[in-house]
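The values are calculated or read from the model by the stated rules, or taken from the named source; none is laboratory data. Worth saying up front: this structure is predicted, and the values here are computed from it rather than measured. All Cβ positions, even for glycine, are placed from backbone atoms using ideal geometry, and neighbour counts span all protein chains on display.
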Amino acid sequence: MMKSNLNEAFQTFLDDIYDLNDLPGLAAGVYCGSTDSTYIGVRGYADYQTRRPLHEDDIFHCASVSKLFTSTAIMKLVEAGVLNLDDSLSALLPDLHIVDKRSSEIKLLQMLTHTSGLGDCTDYHWDTPRCDEEALADYVYSDEVCKQPMVWESGTGFRYSNVAYEILGYIVSIYSDHLAENSKTGRLCYEDFIRRYCLEPAGMVQSTMKTFERKDGTLPMAAPHERGDDKSIRPVRHYPYTRQHAPSSTLTSNISDLLKWGRAHLDHTKASGSSPIFADPSIYDEIWTPYAKVPNNGEGIGLGWFIRKQQVAPDREFVLYGHEGSDDGFRSSFWICPELDLVTVVLSNISGAPVKKINKKLFAVFA
């Protein structure tokens, strides 16, 4: 399909899907490597109450898409030989005393693949946000983490765990000064490590894990919404941010930057074979290996990346890698397809928006 026809199909798709789903705001983007083209479109409102229109560079809370950055940070340390996937949690953080003794068996790989047996967060503390640098460490060593019983033995099954990713983020910070370039300057906090080794190499200049630094209003931010009992659209009481959940949840970004993130992870598949993220592109063979099966949806889980297949015709099926995100007032869906050199991103500013379903339909338009 010609570029002009693809753009027309993209815009028509957005019109139809926005009208169908009754959303306050919808943003979507596609990078199509076969034509070296980028398509970005928005519909609706950044703030439904004030009717402030949504614009292409508006910032969204990306929720669990943040985990792709945490897993990438861990793998940067693995690539450098600082960490090993077989390292045990007890060896990495010997002063972390989790009451459930089965925690001594947890490996780094199992935390990345949600097979550690660790439970999930019980309170995200959106109503009492912390912005201080000690917030993440305080959470990791809190009773909520250390006294929570494990769901099962590590390595025996998939159980999604934000707790595991908060711990992974803390490990990133603790071991950040083991990289030669940081040995003199000292440790980086988790968010600064992400900025230096993920956001900057990918060219994501409009993104940050430190949402509290956006108070200057340089870039407009989409407001979070939810549905009332009468199905009306209303504002969410608390913006979903607190620094103790940075590794699992707090990336704020926009469509343009997220497309850059996808392209950064596709570059190694091209003729140059180089990646702005990893010095050794063969590391993706490890990252994108399915280590466990996700119950109920047939997907696999790699090292932080979910892996799924999508059939777009009886004889055409493709493998995609990505992540969904869901927090109060926001939904996000990010997927890449190396075979097609394709990135698709869908964001919405309301709880429960069917962004994954929308993204699957968007992929089919371009596949």
_Scan of the stretch 86-117 for residues that are acidic (Asp, Glu) and assigned to a loop (DSSP other than H, G, I, E, B), ordered by number_ = Asp86, Asp87, Asp95, Asp100
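Let's see how each residue does on (1) touching a residue at least 60 places away in the same chain (Cβ under 8 Å); (2) of a type outside the set (Phe, Trp, Tyr); (3) outside the structural domain of His55 (by TED's automatic domain parsing):
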position: Thr211; (1), (2), (3): yes, yes, yes
position: Val236; (1), (2), (3): yes, yes, yes
position: Asn254; (1), (2), (3): yes, yes, no
position: Asp280; (1), (2), (3): yes, yes, no
position: Lys293; (1), (2), (3): yes, yes, no
position: Glu299; (1), (2), (3): no, yes, no
position: Gly302; (1), (2), (3): yes, yes, no
*For the stretch 66-87, how many residues are crowded, with 17+ Cβ neighbours inside 10 Å, over 20 Å from Leu258 (Cβ atoms) and small (Gly, Ala, Ser)?*
0
_I'd like the residue in the stretch 48-64 that is in contact with a helix residue (DSSP H, G or I) (Cβ under 7 Å, 6 or more places away or on another chain) and assigned to a loop (DSSP other than H, G, I, E, B) and, out of all such residues, is farthest from Lys210 (Cα to Cα)._
Glu56
*From the list Glu200, Glu181, which residue is in the same structural domain as Cys131 (by TED's automatic domain parsing), without any contact (Cβ under 8 Å) to a residue 60 or more places away in the chain and over 14 Å from the mean Cα position of the chain (by Cα)?*
Glu181
*Using beta carbons and a limit of 6 Å, which pairs, at least six apart or on different chains, have the first residue in the stretch 159-175 and farther than 12 Å from Gly117 by Cα and the second one at pLDDT 95 or above and of a type in the set (S, T, N, Q)?*
Tyr165/Thr70; Tyr165/Ser248; Glu166/Ser248; Leu168/Thr70; Gly169/Thr70
*Hey, among the residues in the stretch 151-177 that are part of a helix (DSSP H, G or I) and surrounded by fewer than 19 Cβ atoms within 10 Å (Cβ to Cβ), which one's farthest from the chain's Cα centre (by Cα)?*
Asp177
*Return the total of residues in the stretch 337-358 being surrounded by fewer than 24 Cβ atoms within 10 Å (Cβ to Cβ) and part of a helix (DSSP H, G or I).*
2
*Show the residue pairs that are 6+ apart or on different chains and have beta-carbon atoms under 9 Å apart, the first residue being within the stretch 40-61 and over 14 Å from Ala28 (Cβ atoms), the second being part of a loop (DSSP other than H, G, I, E, B) and of a type in the set (Ser, Thr, Tyr).*
Ile59/Ser207; His61/Tyr239; His61/Tyr241; His61/Thr250
*Inspect the stretch 202-212 for any residue being among the charged types (D, E, K, R), surrounded by 14 or more Cβ atoms within 10 Å (Cβ to Cβ) and under 27 Å from Gly304 (Cα atoms) and give the result as yes or no.*
yes
*Is it true that some residue in the stretch 305-321 is in contact (Cβ under 8 Å) with a residue 60 or more places away in the chain and among the small types (Gly, Ala, Ser)?*
no
*Considering only the stretch 13-35, state which residues are aliphatic (A, V, I, L, M), crowded, with 23+ Cβ neighbours inside 10 Å and closer than 15 Å to Ser348 by Cβ.*
Leu23, Leu26, Ala27, Ala28
_Which numbered condition Ile301 misses (of (1) under 30 Å from Tyr124 (Cα atoms); (2) surrounded by fewer than 20 Cβ atoms within 10 Å (Cβ to Cβ); (3) modelled with pLDDT of 95 or more)_ = (2)
*Quick one: how many residues across the stretch 13-47 are part of a strand (DSSP E or B), in contact with a helix residue (DSSP H, G or I) (Cβ under 7 Å, 6 or more places away or on another chain), over 15 Å from Ile233 (Cα atoms) and not aromatic (Phe, Trp, Tyr)?*
10
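Can you find even one residue in the stretch 334-345 that is farther than 30 Å from Arg52 by Cα, modelled with pLDDT under 95 and of a type in the set (D, E, K, R)?
no
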